[in-house]
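Novice: Have a look at the structure that comes next, please.
What follows is calculated from the coordinates using simple rules that are stated; it is not laboratory data. In this text the structure is predicted, and so the values were computed from the model without any measurement. Here Cβ is always computed from backbone atoms with ideal geometry, including for glycine, and neighbour counts include all displayed protein chains.
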Amino acid sequence: MPKTDLPTPPGTGLVGKLTLDQKEYLKQMWAEIFHIMDASENNNSRQSFGTPVPPSTAEFAPPLPGSSTASSISSTGDSNSIKSKTATAATATVKKGWFGTSKGSSGPGSSGAADVPESTGVSALPRVNLADIGLTPEQLRPALWNNILGDHPDSLLLRFLRARKWNVTNGMTMILKAFKWRLDDDIEEVKANNEDALNAKYRGFKIQLEMGKSYIHGTDKLGRPVVYINVRLHRPADQDPKALEKFTIYVMETGRLMIQPPVETACLVFDMTGFGLANMDYGFVKFLVQCFEAYYPESLGVLVIHKAPFVFWGVWKIIEPWLDPVVASKIRFTRSDKELTDIIDEEHLPDRFEGGKDKSVYQYIPSTENENSCMKDLETKEQRVDEWKAIMWKFEALTREWVSCNSAEGARSEEVIEAERQELTKELREVYFRMDPHIRARNLYHRSDAPVLQADGSTVWVYSN
């Protein structure tokens, strides 16, 4: 068995760039995931488990099986549709499947996908105790696929493996805790509802978008989307703490759509111009650090703290000990606008910074009445969901075969299976984004005359030079 708790050599650890040992760890993690899924299904829970479908229903954005029954917002984005989820409604959701699908629609994956054999050729590892984390086996598949979105499924697992230095047990523990957080904090709520609906529930959510406290625009020299945070615009009392958390998640989940393969990280620019102690929010800083360290690992490429005034350095002495060494290593201080051009091309850098040539000015584009009409088209939605489910089940079955191919008698070659998996991930991305407008509320990056977020999942940035 290869050693674990090892750093990732440069140029490795990514999809298509794995060493033999790293591939072994990835197989181990998939095998452990399937072990948990199969334990659930072997306990006669297959029918209540249902087939995976995306994160919303036409009625409301329900919790995933086993999650909180706290109040939620209509998935159609209507601000007047806030409903309280009763225990009965939550139970009904589980019985119907994930999001209102028939409990009997078990699909090809529930009967045709072979279980991982006891002898897979993958080294055994200590089992993770789900009860200690607060998850049930039935929650794993929904949590996994709701997090994958249109990404390569291996990419998600690899983020957690890299974050835990290829210790599979630690990586599994970390990813399961992240899934638990996503369930408890109802991350799907942010994706399935527009800003007006979120603002109706979380005081001060929308004003953060309107003022441009934080927004995403363009890419840096490495192709990473750039998130600008105008710190002087933040005052803790202007919004409820939960509204700030939901806004942060909104930016994180939207930013994920803008990270285009093979890029896997983002660039954050904290513009400290005009910063004073009245802008400081230690609670928010702790939450953001936790997001990057525990919930969205390996998503941060660089965090630029730009033009920090003298008063900030006292604050920094408090913050610095909170940082994981990996996150801390990605922080860069810039004292002049010119230094930003070392990170972001002049043509992409807003002209409010000296040396920047992009004259684009951020403007919040409000939602329109019918922009989420696709979410109400239940017939088409069901078709798109079924397309996605079919590919998802195929991917799981093929991954099971890949995990065991080196030990199973008469197995196909690993190279052939890997080529098929790679092609299937392309189909998975295509069907996901065909489904996306039926399950995710549109946001300001969909609304402009030249939308940043395209229907096929790609991004188009427009610069005004």
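Novice: For segment 361-464, which GluC sites (Glu not before Pro) are in a loop by DSSP, counting at most 13 other Cβ atoms within 10 Å? Intermediate values should be presented prior to the final figure.
Specialist: On the way: sites: E369, E371, E379, E382, E387, E396, E401, E409, E414, E415, E418, E420, E423, E427, E430; in loops: E369, E371, E409.
Taking segment 361-464 and a limit of 13 other Cβ atoms within 10 Å, the loop GluC sites (Glu not before Pro) found are E369, E409.
Novice: If the label point is 7 Å along Cα→Cβ of T368, which residues in segment 437-453 have backbone nitrogen under 17 Å from it?
Specialist: 437-438, 441-453
Novice: In Å³ and rounded to a whole number, note down the convex hull volume per residue for the Cα atoms of segment 393-465.
Specialist: Each residue corresponds to 114 Å³ of Cα convex hull volume.
Novice: Could you line up V462, V269, V15 from fewest to most neighbouring Cβ atoms inside 10 Å? Let's see the in-between values first.
Specialist: On the way: V462 13, V269 25, V15 18.
Ranked by crowding around the Cβ, least crowded first: V462, V15, V269.
Novice: Please give me the summed charge of the neighbours of D185: other residues whose Cβ is under 14 Å from its Cβ, Lys and Arg +1, Asp and Glu -1. Provide the component values of the computation, followed by the final result.
Specialist: On the way: positive: K177, K180, R182, K191, K201, K242, K246; negative: D184, D186, E188, E189, E245, E253.
Surrounding charge for D185 is +1.
Novice: Here's a follow-up. Calculate the dipole size of segment 346-465 relative to its Cα centre from +1 charges on Lys and Arg beta carbons and -1 charges on Asp and Glu beta carbons; express the result in debye to the nearest 20. Mind dumping the intermediate values first?
Specialist: Working: 17 positive and 25 negative charges, 79 e Å.
For segment 346-465, the charge dipole is close to 380 debye.
Novice: Have a look at the DSSP beta bridges in segment 195-340 and tell me what percent are antiparallel, nearest 5. Write down the numbers at each step before the final one.
Specialist: On the way: 4 of 19 bridges.
Within segment 195-340, antiparallel bridges account for around 20 percent of the total.
Novice: What's the exposure ranking of K180, K17, going from fewest to most Cβ atoms within 10 Å? Could the numbers behind the result be given before it?
Specialist: Details: K180 18, K17 12.
With the sparsest Cβ surroundings first, the list reads K17, K180.
Novice: Then there's this: In percent, what relative contact order does segment 322-455 have, based on Cα pairs under 8 Å that are 6 or more apart in sequence? Walk me through the intermediate numbers first.
Specialist: Working: 100 pairs, mean separation 30.6, N = 134.
Once normalised by length, the contact order is 23 percent.
Novice: Now for a separate question. How much length is gained on full extension from T169 to V289, taking 0.36 nm per residue of separation minus their Cα-Cα distance? Let's see the in-between values first.
Specialist: Working: separation 120, 0.36 × 120 = 43.20 nm, distance 2.29 nm.
Length gained between T169 and V289: 40.9 nm.
Novice: Starting from the Cα of W313, step 7 Å along the direction of its Cβ; do the same at L277; then give the gap between the two resulting points in nm.
Specialist: So the label points at W313 and L277 sit 1.7 nm apart.
Novice: Looking at this model, which pairs from K201/K381; K201/K389; K381/K426; K17/K389; K286/K381; K206/K389 are more than 30 angstrom apart at the alpha-carbon?
Specialist: On the way: K201/K381 26 Å; K201/K389 32 Å; K381/K426 21 Å; K17/K389 28 Å; K286/K381 38 Å; K206/K389 34 Å.
Distance filter (> 30 Å) returns K201/K389; K286/K381; K206/K389.
Novice: Follow-up. Which semi-axis lengths, in whole Å and largest first, follow from the square roots of five times the eigenvalues of the Cα gyration tensor of segment 195-340? Before the final figure, lay out each step's value.
Specialist: On the way: eigenvalues 93, 80, 46 Å².
Semi-axes (√(5λ), whole Å): 22, 20, 15.
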